[in-house]
Amino acid sequence: MSKDFARPTRNPAAPGVADEEAAGPEIRPTNEMSAGERLRLIESMRPEDAETVPELHAVDVPDKLRERIEAAMSKYPEIRSAALPALWAVQHHYGWCTREGLRQAAAVMGVTPGYLESLATFYDLFRTSPVGRHQVLVCHNISCWLRGADDLLSAFCEAAGADAHEADHGGVSSPDGELFVKGFECLGACDIAPMASIDGRYYGPLDADDARTAVEQLRAGAEVLPDKALANLPAAGGPEPDPDPRVKAAEGA
Ligand code: FES
């Protein structure tokens, strides 16, 4: 659980205490507790403390967000199957999975915010704290690493003004808030190694110059590396690109 999502807990040193007021001023995130403290906290929990599903009529949900979540829910026989698309909608709407956004999605879906929070904190593509506007995920798994992913990540960080060590250990936002750069595990596009996902689109193979150009284009609001976009590359097994005219001429001769 990230700090941003750490919820107040009862004082583990006072098991059985009914509420936070009675427990005293200490409010600590559970991920900072020792195993013994967690155990005492769990033992002090009562069924009536369980989180409830927020009532939809009591939560103000933006129309667009509600529409996207309801559209996702309509595609699945099990409501919970729509949890990931719902989280994606929250992230798209707010830029990250805010606590209020989770509450809104939970109200629409009829689940607890805690259920959605458990998914948001588990999956790497969800942000549970504010990050830079454009997301650059640089793959540094084996294929990309062998082809220079470390240098590529450093080049993105240098261009963004972000710390490369932090980018490689959880991700980091640029000081101007425009970019979030993160080293990532295999993104499933090893054939274009070294590659990066930029705002959800794949680009590769990339070098340091591409990284600098991409950052400039993102800041300027321009199209990013059209020649390196996977969407613009010929599909495997698809039509061959036009042969070199010299080859064509030679074949015709
Ligand atoms: S190793 Fe980079 S996409 Fe697979």
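Being at pLDDT 95 or above, of a type in the set (Lys, Arg) and within 15 Å of the ligand (Cβ to nearest atom), is that true of even one residue in region 172-191?
Yes, there is a match, as at least one residue in region 172-191 is at pLDDT 95 or above, of a type in the set (Lys, Arg) and within 15 Å of the ligand (Cβ to nearest atom).
Would you pick out the residues in region 138-148 that are surrounded by fewer than 24 Cβ atoms within 10 Å (Cβ to Cβ) and either of a type in the set (Lys, Arg) or under 21 Å from the mean Cα position of the chain (by Cα) (or both)?
Applying the first criterion (surrounded by fewer than 24 Cβ atoms within 10 Å (Cβ to Cβ)) to region 138-148 yields 140-143, 145-148.
Within region 138-148, His140, Asn141, Arg147 meet the criteria.
Does Ser197 satisfy the condition of being in contact (Cβ under 8 Å) with a residue 60 or more places away in the chain, in the same structural domain as Gln217 (by TED's automatic domain parsing) and among the polar types (S, T, N, Q)? Step through it out loud before you land on a result.
Values: in contact (Cβ under 8 Å) with a residue 60 or more places away in the chain: yes; in the same structural domain as Gln217 (by TED's automatic domain parsing): yes; among the polar types (S, T, N, Q): yes.
Taking the combined requirement at face value, the residue satisfies it.
Which members of region 126-169 meet the condition of being hydrophobic (A, V, I, L, M, F, W, C) and out of contact with any Ser or Thr (no Cβ under 9 Å at 6 or more places or on another chain)? Show your work before the answer.
Of the residues in region 126-169, the ones hydrophobic (A, V, I, L, M, F, W, C) are 126, 131, 136-139, 142, 144-146, 149, 152-153, 155-157, 159-160, 162, 164, 167.
Residues satisfying the conditions are Phe126, Ile142, Cys144, Trp145, Leu146, Leu152, Leu153, Ala155, Phe156.
List pairs: first in region 94-110 and free of Cβ contacts under 8 Å to residues at least 24 places away in the same chain, second surrounded by 18 or more Cβ atoms within 10 Å (Cβ to Cβ), Cβ under 7 Å, 6+ apart or cross-chain?
Tyr94/Gly101; Leu102/Val90; Leu102/Pro113; Leu102/Leu116; Leu102/Glu117; Leu102/Ala120
Inspect region 150-166 for any residue being surrounded by 22 or more Cβ atoms within 10 Å (Cβ to Cβ), at pLDDT 95 or above and within 11 Å of the ligand (Cβ to nearest atom) and give the result as yes or no.
There is at least one residue in region 150-166 that is surrounded by 22 or more Cβ atoms within 10 Å (Cβ to Cβ), at pLDDT 95 or above and within 11 Å of the ligand (Cβ to nearest atom).
Go through region 115-130 and give me each residue that's under 23 Å from Gly170 (Cβ atoms) and part of a helix (DSSP H, G or I). Give the derivation first.
First pass over region 115-130, keeping only residues under 23 Å from Gly170 (Cβ atoms): 116-130.
Once the filter is applied, which keeps residues that are under 23 Å from Gly170 (Cβ atoms) and part of a helix (DSSP H, G or I), region 115-130 yields Leu116, Glu117, Ser118, Leu119, Ala120, Thr121, Phe122.
Look through region 107-149, keep the residues that are within 20 Å of Arg201 (Cβ to Cβ) and of a type in the set (A, V, I, L, M), and return whichever of them is nearest to the ligand (Cβ to nearest atom).
Going through the qualifying residues, I end up with Ala149.
The values are calculated or read from the model by the stated rules, or taken from the named source; none is laboratory data. Remember, predicted model here, so these are calculated numbers, not experimental data. Cβ atoms come from the backbone with ideal geometry, glycine included; neighbour counts cover every protein chain shown.
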